[in-house]
Amino acid sequence: MIEVRDLQVSYGERTVARVPELDVRAGECVAIVGESGSGKSTTLLSLLGLTEGARVSGSVRVCGVDVLRAPERRLRELRGARVALVMQSPQAALNPTTRLGVLMRRALRLHGVAAGERALAAVCARAAEAVMLDPAILRRYPHEISGGQAQRFAIALAIALGAQVILADEPTSALDVTVQAEVVGVLRRLREERGLALLLVSHDLALVSTIADRVLVMREGEVVEAGPAAEVLARP
Ligand code: ADP
Ligand code: ADP
């Protein structure tokens, strides 16, 4: 699902991320860990061609799309439907004056997922259930739900659109501990039951150890360690 070779991202003269190799297959979770400023987010955003102003070289394939060479139209399709980008505060990205269900139906219609009102409603309800959200929540406005619910709504939307890859940048760092566990539970289930590929950026090693199969450690823009999660996290 994700195949990166010799990725190099620079701002001006400064190279902020160098990733020789990164693969995430269907049903697999890979985590990128490292201190703030080590190049994690830059790496993640470059998978969708979202590093504005940067010089990017190497090869990046996501869901079969050659990201560094694809026309903007294919990148929009990739971002809109096939890859879900889950950020720290999803609420900020939701239109505050529109009910969640309306937002979801609008997105589904836009991407031609389902036609009739009833079919749309069914897809929405199933997506909510897949992330363990009460479908009644779809009648609420974005500010009426919690951070954890918003995070799960963002994931539900991606699932309804048929996303095969989830890119998550510190998805739980704005949430309290019990809510973090819910979001992690949802991500884990999606990967096991639906074979989604999950790339997670986090500085939270406890979170990473509960979900990742493999881990890349970044430091000052370089991958300094990579391997199975149990091995990498056991090192001092
Ligand atoms: P995080 O540590 O959570 O990745 P940052 O504070 O590093 O967040 O970055 C937040 C946003 O600011 C990102 O969109 C990033 O691209 C941008 N950014 C970070 N550093 C710089 C910089 N030196 N110049 C311009 N934009 C930057
Ligand atoms: P992390 O996600 O590990 O916190 P980032 O990928 O956000 O790290 O940032 C890596 C480095 O790239 C940081 O030094 C940051 O300041 C720099 N950077 C990020 N975005 C920009 C940008 N738009 N312009 C210039 N520098 C940036």
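The values are calculated or read from the model by the stated rules, or taken from the named source; none is laboratory data. What you see is a predicted model; the values in this text were computed from it and never measured. FYI the Cβ positions are ideal-geometry reconstructions off the backbone, even for glycines, and counts take in every protein chain you see. Quick note on the areas: whole protein, heavy atoms, side chains included, nothing else; ligands and nucleic acids left out. Shrake-Rupley method; radii C 1.70, N 1.55, O 1.52, S 1.80 Å.
The lone criterion from (1) closer than 23 Å to Glu220 by Cβ; (2) within 16 Å of ligand 2 (Cβ to nearest atom) left unmet by Met87 is number (1). If the requirement is being more than 14 Å from ligand 2 (Cβ to nearest atom), part of a helix (DSSP H, G or I) and of a type in the set (Val, Ile, Thr), which of these qualifies: Val30, Val102, Val113, Val4? Within the list Val30, Val102, Val113, Val4, the selection yields Val102. Whether a residue is in a loop (DSSP other than H, G, I, E, B) and either open to solvent by less than 70 Å² (accessible area, probe 1.4 Å) or within 16 Å of ligand 1 (Cβ to nearest atom) (or both) was assessed, and Leu68 passes this test. Residues that are over 16 Å from the mean Cα position of the chain (by Cα), more than 16 Å from ligand 2 (Cβ to nearest atom) and at pLDDT below 90 occur in the stretch 193-200; there is at least one.
With the requirement that a residue be open to solvent by less than 20 Å² (accessible area, probe 1.4 Å), assigned to a strand (DSSP E or B) and within 15 Å of ligand 2 (Cβ to nearest atom), what does the stretch 218-236 give you? The answer is Met218, and nothing else.
Of all residues in the stretch 179-203, those being assigned to a loop (DSSP other than H, G, I, E, B) and either in contact with a strand residue (DSSP E or B) (Cβ under 7 Å, 6 or more places away or on another chain) or without any contact (Cβ under 8 Å) to a residue 60 or more places away in the chain (or both) number 3. Only one of the listed residues (Leu103, Leu120) is touching a residue at least 40 places away in the same chain (Cβ under 8 Å), over 30 Å from Val4 (Cβ atoms) and either within 14 Å of ligand 1 (Cβ to nearest atom) or in contact with a helix residue (DSSP H, G or I) (Cβ under 9 Å, 6 or more places away or on another chain) (or both). That residue is Leu103. Out of all the residues in the stretch 45-64, is one or more in contact (Cβ under 8 Å) with a residue 12 or more places away in the chain, under 27 Å from Ser209 (Cβ atoms) and not aliphatic (A, V, I, L, M)? For the stretch 45-64, residues in contact (Cβ under 8 Å) with a residue 12 or more places away in the chain, under 27 Å from Ser209 (Cβ atoms) and not aliphatic (A, V, I, L, M): present. I'd like the residue in the stretch 18-44 that is within 14 Å of ligand 1 (Cβ to nearest atom) and open to solvent by 30 Å² or more (accessible area, probe 1.4 Å) and, out of all such residues, is nearest to the chain's Cα centre (by Cα). Restricting to residues being within 14 Å of ligand 1 (Cβ to nearest atom) and open to solvent by 30 Å² or more (accessible area, probe 1.4 Å), the top hit is Ser41. Ser89: touching a residue at least 60 places away in the same chain (Cβ under 8 Å), closer than 29 Å to Leu138 by Cβ and open to solvent by 60 Å² or more (accessible area, probe 1.4 Å), yes or no? Yes, satisfied. Applying the criterion of being more than 9 Å from Ala160 (Cβ to Cβ) and of a type outside the set (A, V, I, L, M) to the residues of the stretch 112-132, the residue that is most open to solvent (accessible area, probe 1.4 Å) is Arg118.
Looking at Val201, Val131, Val183, which one is aliphatic (A, V, I, L, M), under 25 Å from Val215 (Cβ atoms) and within 16 Å of ligand 1 (Cβ to nearest atom)?
Val201
Of all residues in the stretch 45-64 being surrounded by fewer than 20 Cβ atoms within 10 Å (Cβ to Cβ) and on the phi > 0 side of the Ramachandran plot, which is farthest from ligand 2 (Cβ to nearest atom)? The selected residue is Gly64.
Yes/no per residue for (1) modelled with pLDDT of 85 or more; (2) within 29 Å of Pro228 (Cβ to Cβ):
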{"site": "Ala119", "(1), (2)": "yes, no"}
{"site": "Arg152", "(1), (2)": "yes, yes"}
{"site": "Ile166", "(1), (2)": "yes, yes"}
{"site": "Glu170", "(1), (2)": "yes, yes"}
{"site": "Glu182", "(1), (2)": "no, yes"}
